[in-house]
Amino acid sequence: MKIWLNDGLRDVDSARVSVLDHGLTVGDGVFETVKSVEGRTFALTRHLARLARSARGLGLPEPDLDEVRHACAAVLEANPLPLGRLRITYTGGLSPLDSDRGDQGTTLVVALGEAARRPDSTAVITVPWTRNERGALTGLKTTSYAENVVALARAHEHGASEALFANTVGQLCEGTGSNVFVVLDGEILTPPVASGCLDGITRALAVEWTGAREADLPLDVLERADEVFLTSTLRDVQGVHRVDGRQLPGAPGPMTTKAMRAFDERAADDLDP
Ligand code: PMP
């Protein structure tokens, strides 16, 4: 497996990052996961724009997006995979422990793993911890994912594959790695970005392609919704057949299936050249 590290391709076993790298010592890094199909990326321009936005939000030096694009192409070419997940990580170089040594640059890693098509529906739980819709990191895709790791572990303990958060005012927000949609009275609804959720790329496409409406939703909408579905880069659209103790038989329901079809039909056309 070849990965990109800073300025070129390396064997993954010989690629080394300093133990004083910011990403390890303080967690100020940003990342993106990009889907690839037969070596072609999906929505790379949107992912790179979000990477740059997240980096700016953390005060990291502006990433050179042409270089990141080149690194992605090189990694995809070096590791042919039918369905892949490109992981782009960009951190603030060496940690403040070394600040007397001046500017230590940044670290860029691009790696590729295999992706698998997800089941059409899954179980989710809600967790008691909140997303902060007013935090300094809200909306940034930083490498500080520990809270998501804890919530996801809780989901796994309950036989679920995703955990959903409310925000500090009790509104439905998002999952650990996905955005959430509900169908209520025939209408598809999703929390606005102001709820504290990530500005998901799949979410934006789902809104565009299904006509879903953004709305503030109390967490207990999950007890009333006719259908619930998740969106993310590696799921596209995935139905939900259980939320905590509540079964949603027949998932994926008709509106979710419509959203899935929109993805199947349109996403193939939208692969990057
Ligand atoms: N929310 C969080 C917290 C995520 O990590 C992700 C995955 N990137 C998403 C939502 C979905 O975003 P996207 O559709 O861009 O993958």
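The values are calculated or read from the model by the stated rules, or taken from the named source; none is laboratory data. Computed from a prediction, not measured in an experiment: that's the story for all the values here. Methodologically, a virtual Cβ is constructed for each residue, glycine included, from the backbone with ideal geometry; neighbour enumeration extends over all protein chains shown. In case anyone asks, the SASA skips ligands and DNA or RNA and just uses the protein heavy atoms, side chains included. Shrake-Rupley method; radii C 1.70, N 1.55, O 1.52, S 1.80 Å.
Observations, loosely collected:
- Here's the picture: charge each Lys and Arg Cβ at +1 and each Asp and Glu Cβ at -1 in the chain, and of PRO249, HIS70, VAL12 the one pushed furthest to the positive end of that dipole is PRO249.
- LEU205 accessible area, 1.4 Å probe, all protein chains in place, Å² to nearest 10: 10 Å²
- Residue-averaged [θ]222 nm for the chain, counting only DSSP H segments that reach four residues, each worth -39500 (n - 2.57): -8000 deg cm²/dmol
- Ranked by the mean number of other Cβ atoms within 10 Å per residue, highest first, peptides 157-166, 213-222 order as 157-166, 213-222.
- Comparing mean-square fluctuations of VAL193, VAL182, VAL12 from a GNM of the chain with C-alpha springs under 10 Å, the top value falls on VAL12.
- Rounded to 5, percent antiparallel among DSSP beta bridges of the chain: 80 percent
- Using only side-chain charges placed at the Cβ, +1 for Lys and Arg and -1 for Asp and Glu, the dipole size of the chain relative to its Cα centre rounds to 260 debye.
- LYS258 - accessible surface, heavy atoms, 1.4 Å probe, Å² rounded to 10: 140 Å²
- Rolling a 1.4 Å probe over the heavy atoms of the protein chains gives the chain an accessible area of 47 Å² per residue.
- Accessible area per residue was computed with a 1.4 Å probe on protein heavy atoms; MET260 scores about 30 Å².
- Principal-axis analysis of the Cα atoms of the chain puts helix 65-78 at an angle of about 90° to the longest axis.
- Residues within the reach of a label modelled at ALA136 (point 7 angstrom out along Cα to beta-carbon, backbone nitrogen below 17 Å), restricted to the range 163-195: there are none.
- Largest accessible area first, the listed residues ARG118, ARG134 line up as ARG134, ARG118 when surface is computed with a 1.4 Å probe on the assembled protein chains.
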